[in-house]
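The values are calculated or read from the model by the stated rules, or taken from the named source; none is laboratory data. Values in this document were obtained by computation on a predicted structure and should not be read as measured data. Heads up, the Cβs are rebuilt from the backbone with ideal geometry, glycines too, and the neighbour counts pull from every protein chain shown.
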Amino acid sequence: MNKETGELLVRGARELGIELTPAMVKSFGLFCDELLLWNRKINLTAIRNEAEIAIKHFVDSLTILPYLAGRSAMLDLGSGGGFPVIPLKIVCPDIEAVSVDAVEKKILFQRQAARTAGIERFTALHERGERLAASYAGRFDLIVSRAFAEIPLFVEMALPLLAPDGIIVAMKGKSGREETEAARPYLEECGLVVSGMSEFSLPVAGDARSLVVMMRGGAPNGQ
């Protein structure tokens, strides 16, 4: 990642109220370089411009950072090229993170990218989300997906893995509110409430984004 892209990344994160250290920017640069290298061989992302990667993947991933406060274990379901889990691990190295994707090549990439960027306490699993309950039931106090599946399918996989006081966050685009309203009857059947809905424009790019926060009744701690 060149200097100009690094500065763009810092500016985009700052618009979210996040100050990236030089060490974090270096890790993001290593991750970006690895992503571009692997993307020549396997389809990790349709975005091949590093400036767009910095904003539309890295900064976009950081939009859920406020929901990590007070959380100890995070699961990223359908993590693809490692978003949002790897950017979040770069900024919050102490949180335990598990990343799951059904495509083995994407998981192999994530493992290599994590090693290259010096990320620890990170586990990348080649597995289907439906099969995780046997090993990870009730384990995670934050479960996230980024444009992975419709909300009911995501919730169906996430709920058995959610800690009693945990939250589920679906990262969506401009149609997030409509999708959430359509899913409300299903969420009620599952004993979940939508405890937060954030709609905003992505820094620099201006693309519409929404975050849908769900939990088992009440309001999440600190939100």
Worksheet item: Just to be sure, is Pro185 surrounded by fewer than 17 Cβ atoms within 10 Å (Cβ to Cβ), part of a helix (DSSP H, G or I) and touching a helix residue (DSSP H, G or I) at 6+ places or on another chain (Cβ under 7 Å)?
Response: no
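Name the residue, out of Ala205, Ala147, that is at pLDDT below 95 and at positive phi. Talk me through it step by step, then tell me what you get.
Numbers: Ala205 fails: at positive phi.
Step by step, each of Ala205, Ala147 is checked, and only Ala147 is at pLDDT below 95 and at positive phi.
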Residue pairs qualifying under the 6 Å Cβ cut-off, at least six apart or on distinct chains, with the first in region 86-104 being surrounded by fewer than 23 Cβ atoms within 10 Å (Cβ to Cβ) and the second being in a loop (DSSP other than H, G, I, E, B), are Glu96/Arg121; Ala102/Arg128
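Name the single residue, out of those in region 40-51 being of a type outside the set (Ser, Thr, Tyr) and touching a residue at least 24 places away in the same chain (Cβ under 8 Å), that is surrounded by the most Cβ atoms within 10 Å (Cβ to Cβ). Walk me through how you get there before you give the answer.
Residues of region 40-51 of a type outside the set (Ser, Thr, Tyr): 40-44, 46-51.
Narrowing further to those that are touching a residue at least 24 places away in the same chain (Cβ under 8 Å): 42, 44, 50-51.
Values: Ile42: 12, Leu44: 24, Glu50: 21, Ala51: 18.
Per the criteria, the residue is Leu44.
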From the option list Gly206, Gly196, Gly138, Gly173, single residue qualifying as out of contact with any Ser or Thr (no Cβ under 9 Å at 6 or more places or on another chain) and over 20 Å from Leu68 (Cα atoms) is Gly206
Scanning region 149-161 residue by residue, those surrounded by 19 or more Cβ atoms within 10 Å (Cβ to Cβ) and of a type outside the set (A, V, I, L, M) turn out to be Phe154
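From the list Ala170, Ala208, which residue is without any contact (Cβ under 8 Å) to a residue 40 or more places away in the chain, closer than 29 Å to Ile53 by Cα and of a type in the set (Gly, Ala, Ser)?
Working: Ala170 fails: without any contact (Cβ under 8 Å) to a residue 40 or more places away in the chain.
Of the residues listed, the single one that is without any contact (Cβ under 8 Å) to a residue 40 or more places away in the chain, closer than 29 Å to Ile53 by Cα and of a type in the set (Gly, Ala, Ser) is Ala208.
Counting residues that are hydroxyl-bearing (Ser, Thr, Tyr), which strands (runs of 3 or more DSSP E) fully inside region 51-160 reach at least 1? So that I can check it myself, show each step before the final result.
Values: elements: 73-77, 96-101, 122-126, 140-146.
Strands (runs of 3 or more DSSP E) meeting the threshold: 96-101, 122-126, 140-146.
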When (1) farther than 30 Å from Glu130 by Cα; (2) modelled with pLDDT of 95 or more; (3) not aromatic (Phe, Trp, Tyr) are applied to Leu37, the one that fails is (2)
Hey, any hits in region 14-32 for a residue that's crowded, with 19+ Cβ neighbours inside 10 Å, touching a residue at least 12 places away in the same chain (Cβ under 8 Å), of a type in the set (D, E, K, R) and out of contact with any His (no Cβ under 9 Å at 6 or more places or on another chain)? no
Selection from region 105-118 of residues touching a residue at least 24 places away in the same chain (Cβ under 8 Å) and not aliphatic (A, V, I, L, M) yields Lys105, Lys106, Phe109, Gln110, Gln112, Thr116, Gly118
Within region 105-127, restricting to residues that are touching a helix residue (DSSP H, G or I) at 6+ places or on another chain (Cβ under 6 Å) and more than 25 Å from Ala69 (Cα to Cα), the one that is surrounded by the most Cβ atoms within 10 Å (Cβ to Cβ) is Phe109
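In region 42-66, how many residues are of a type in the set (Ser, Thr, Tyr) and modelled with pLDDT of 95 or more? If you could, list the steps in order and put the result at the bottom.
Going residue by residue through region 42-66, those that are of a type in the set (Ser, Thr, Tyr) are 45, 61, 63.
Subsequent filtering for residues that are modelled with pLDDT of 95 or more retains 61, 63.
Count: 2.
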Residue count, region 162-182, condition out of contact with any helix residue (DSSP H, G or I) (no Cβ under 7 Å at 6 or more places or on another chain) and either among the basic types (Lys, Arg) or crowded, with 19+ Cβ neighbours inside 10 Å (or both), comes to 6
Filtering region 99-138 down to residues that are more than 24 Å from Thr63 (Cβ to Cβ) and basic (Lys, Arg) yields Lys105, Arg111, Arg115, Arg128, Arg131
